[in-house]
Each structure stands twice: as structure tokens, then as C-alpha cells.
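In what follows, a single structure is set out as C-alpha cells and then discussed.
The values are calculated or read from the model by the stated rules, or taken from the named source; none is laboratory data. Just so it is clear, the structure is predicted and the values come from calculations on it, not from any experiment. Cβ atoms come from the backbone with ideal geometry, glycine included; neighbour counts cover every protein chain shown.
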Amino acid sequence: MSQKKTAFAKLIGTLHLWLGLASGLVVIILGLTGAIYVFTDEIKPLVYKDRLFIQPENKPKLPLSHLLAVAQKAVGETRPVTRVEISAQPDRTYIFRALKVDKEGFSHWDYYKYYTRAYVNPYNGKVVKLEDSKNEFFTIILSLHMRMLFGEKIGHTIVSYSVLAFVLILISGLVLWWPARWNKSGTDKSFKIKWNAKWKRVNYDLHNVLGFYACIILFVCAVTGLVWAFDWVEKGVKTVADGGKLAEVPAVFSDTTQNKDANAVDRVFAALQKGQPRAYGYLINFPAKGKLPINASTYLTAGNRYDRIQGQYDQFTGAQLRSRSFDELSNGEKAYAMNFDLHVGAWAGLPSKILTFFAGLICASLPVTGFVIWWGRRKKEGKGGRGRKGGRRMVVARKTSVGGMVEPGYAPMSARLSEEEK
């Protein structure tokens, strides 16, 4: 190996090590919480039957405006309801949400000023469950994943830069993983776990081999996370998808000269149902005040979030201002619309979710196995093992160019450890 290549390998190894040590704890938490969150939509119906399901009745459902008023009364008039999730299935409750955050808050509990969900029976208008969502399990999991249970300023920053470091860790890890020789011996070490070896070798293989197999999925999860973490990444992805020039979409606004009509939400919901009577569900966001429109999404399938129709409606009259399907979006908008499904592994349904789940577990294991590798080497060096500088290198024999004489040479640390840990 040339001196130039050795210096490059050392630089990559040092980068991989210190970025891993700096972000390891956060990466463990992100991997575990991400693995759990992948199957949120599948787990909730199993553990929240009492609030999600009702007995369907042979009569029309009550108007959305009436159910909204019921939910508003339940959560309190000082906490405006800003969203409703509506399933097209006849045995599901309507889920109304009142949410207010304080981006200056220090912790998760300071960040959420209040977060309440009201589960309402659409047939009789009764509140099935009033949930303190701030302390709900999946909210805690998501807050851990997004902010480490801190507020926006501290938690978001910690997670954002840890994910950025993780992208560099994945790239440097792939460089370090790359087999020196693509023969059977070289590829076996890179693609197979030697389960019958000593535990140090098994730990090394768990880090090296599993890291490689999960690398692509983890890279996609990390980059899609960066899209939410940094505005420059989001803008960059959209610009690249749009062919180098970011497509601008003009905003639409409600007509503030009109009087507020309490039945406007009913007209919006009726338009959504008429437009897509076989939709899987609907999500309607109510603006708190001002001239912003009602934003409504019609989800066409259960398996993903991107396949939807996004519409804006006048909050005073319920008139449609704009409506676009996924196919009608610009390429940059499509890329952003698919970001969530790529991040949680929903892009190919259940198979991709399963792969993402296991990738999340592997992600959580990598800092642990990597730390064990580093700690073992550190202990050997600290004891002044073989070679120079406390055992960093191993003495080997190599021939000189003069008379076939043999003089000491030095093998890199990785070569020595791979032999010892077999």
C-alpha cells in the first residue's frame, strides 16, 4: 500500500471514529425510535381500539361542522381545533386535534403548550376519548426521534447535526468496508458473519457486514431526515428534481371580504367526498385566523402518504381555490411529497417497512459494536502491545531490494486486528 493510500485510509478511519463517538448516543435513539415509528399505523389500531373504533350505525353521519363544535367544546374554547383526520371506514372515529407549540421551550413538555386529541363518534356526536397527546406514547417516541425530548432550538439542532454526521459515517464506513481484494477470502470477510469465531471477530462482523447491508436504506432515511432538518437541503433536493431551477408555486388566500360561514367546512368535506368517493381518508387543516385557506388532503390509498390530492379552500365560504393530484405536482414537489414515505419505508408497502424496521435496529447497534471495536483497540494500545506507539502497528517481515535481506515492516492496525479476532 502506498504512503498516499495509507494516509487517506487513516484520515477516513479517524473521521469515521470521531463522528461515531460524537453522535453515537443520538444515533442509537434515532435507530430505535425510528424502528418503532415505522409501524405506528399498524400498532395503533391494536392498542387504541377503545378510541379508534366504534359500532357503525345505519344512519347518516352528523355534519362535520357539528362534530367540530363538539370537539371544540371538549378540548376547551381557549384551545382552537386546528385539524381533523377522517377515515372513510364506517367503524372509525373522527380525530380532532388542538395543538400549540412554543419553539423557545427547553424540554418536550415546554415545547408543547398543549396537545389534545378528541375522538368523536360521527353518528351520535359523543366524545369517545379525550387524549392528552403530549404524554401519549407515540408522541413521546416521535419527540425523541425529532428532538431528543428537548425543545426545538436544542433538540432539533442536536438531531440535525447528528444525522448530518451519520451521513458522513455511512460514506466513510463504506470506504472502510470496501474489500482490499475481490477474491473469496476478501468477499467472505465483507459479506459474511463468521459466527463460529471469537466474540471480538463476531462483533467486528456485526458492525462491518450488517452496516453494509443496511447502508442504502439508512442513507435514504438519513438524507430524507436532512430534508426536514435543513432548509438548504430541502431547497437543494427540490431544485435538483426541478432540473436546476426551483419551481415557484403561487400562494392562494381566502377572501376576507366574505362573512364567516360555519357550514363552510361541510361544503369542503362534501367536495372532497364527491371528488374521490373511494378515498381511504381525509385530512383537513383549519386556519386559526387571518386569510389563510383551509388545506385539505385526500388520501387515495392506505399504503402511502404521497398518493393524495392536495386542495386549498376558502375558509369563509368553502369555495375551492386550488386542487392538485400527485401527478400534477412539479418534480420538486413530488420529491418532497414522497419524503415521508421514503423516510419511514412506506414507499413499497409492507416489504419496505420491514426492511426499514430492521435497518433501524441495525442503525441502533452500529454505535455499540463500533464502540466495542474502538475500546478493544484502545485497551491494547494502552497496555503497550506489539509494534510501535503502544501497539498501533504490528511488525511483519518484508524483503528489501538489496540482496534479498529481510528487515522489519509494519502492517496497518486493521490487518493485525482481523487476524487476532478470527
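Couple of notes before you dig in:
- Checked across region 1-16, the condition of being in contact (Cβ under 8 Å) with a residue 24 or more places away in the chain and touching a Phe, Trp or Tyr at 6+ places or on another chain (Cβ under 7 Å) holds for no residue.
Rundown of residues vs (1) touching a Phe, Trp or Tyr at 6+ places or on another chain (Cβ under 9 Å); (2) in contact (Cβ under 8 Å) with a residue 12 or more places away in the chain; (3) closer than 16 Å to residue 286 by Cβ, yes/no style:
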site	(1), (2), (3)
86	yes, yes, yes
92	yes, yes, no
99	yes, yes, yes
107	yes, yes, no
145	yes, yes, no
148	no, yes, no
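- For region 273-301, a residue qualifies if it is under 14 Å from residue 323 (Cβ atoms), part of a loop (DSSP other than H, G, I, E, B) and not hydrophobic (A, V, I, L, M, F, W, C), and the qualifying residues are 276, 293.
- Within region 251-272, the residues that satisfy the criterion of being more than 32 Å from the chain's Cα centre (by Cα), in a loop (DSSP other than H, G, I, E, B) and surrounded by fewer than 15 Cβ atoms within 10 Å (Cβ to Cβ) are 255, 256, 257, 258, 259, 260, 262, 263.
- Among the residues of region 158-210, those identified as within 31 Å of the chain's Cα centre (by Cα), in a loop (DSSP other than H, G, I, E, B) and within 26 Å of residue 8 (Cβ to Cβ) are 178, 179.
- Considering the conditions (1) touching a helix residue (DSSP H, G or I) at 6+ places or on another chain (Cβ under 7 Å); (2) buried (at least 16 other Cβ atoms within 10 Å of the Cβ); (3) charged (D, E, K, R); (4) more than 19 Å from residue 282 (Cα to Cα), residue 79 is excluded by exactly one of them, (1).
- Test: residue 244 is modelled with pLDDT under 95 and either on the phi > 0 side of the Ramachandran plot or surrounded by 18 or more Cβ atoms within 10 Å (Cβ to Cβ) (or both): yes
- Yes/no for residue 36 being buried (at least 16 other Cβ atoms within 10 Å of the Cβ), of a type outside the set (Ser, Thr, Tyr), in a strand (DSSP E or B) and in contact (Cβ under 8 Å) with a residue 24 or more places away in the chain: no
- For region 231-241, residues that are surrounded by fewer than 13 Cβ atoms within 10 Å (Cβ to Cβ) and not hydrophobic (A, V, I, L, M, F, W, C) total 1.
- The residues of region 42-64 that are assigned to a loop (DSSP other than H, G, I, E, B), within 29 Å of residue 344 (Cβ to Cβ) and of a type in the set (A, V, I, L, M) amount to a single one, 54.
- 2 or more residues modelled with pLDDT of 95 or more and of a type in the set (Val, Ile, Thr): qualifying helices (runs of 4 or more DSSP H) within region 317-384: 350-382
- Pairs meeting the criteria (first residue in region 122-142 and closer than 16 Å to residue 33 by Cβ, second residue at pLDDT 95 or above and basic (Lys, Arg), beta carbons under 9 Å, at least 6 apart or on different chains) are 136/117; 138/44; 140/134.
- From the options 201, 278, 308, residue that is surrounded by 19 or more Cβ atoms within 10 Å (Cβ to Cβ) and within 29 Å of residue 68 (Cβ to Cβ): 308
- Just one of the listed residues (36, 29) is among the β-branched types (Val, Ile, Thr) and touching a His at 6+ places or on another chain (Cβ under 8 Å), and it is 29.
- Condition met for residue 237 (among the hydrophobic types (A, V, I, L, M, F, W, C), under 22 Å from residue 324 (Cβ atoms) and either part of a helix (DSSP H, G or I) or free of Cβ contacts under 8 Å to residues at least 40 places away in the same chain (or both)): yes
- Counting the residues of region 270-285 that are more than 20 Å from residue 40 (Cα to Cα), in contact with a strand residue (DSSP E or B) (Cβ under 7 Å, 6 or more places away or on another chain) and modelled with pLDDT of 95 or more gives 5.
- Those strands (runs of 3 or more DSSP E) of region 65-146 in which 2 or more residues are over 18 Å from residue 41 (Cα atoms) and among the aromatic types (Phe, Trp, Tyr) occupy 112-120.
- Filter result for residue 111 (in contact with a strand residue (DSSP E or B) (Cβ under 6 Å, 6 or more places away or on another chain), without any contact (Cβ under 8 Å) to a residue 40 or more places away in the chain and not basic (Lys, Arg)): no
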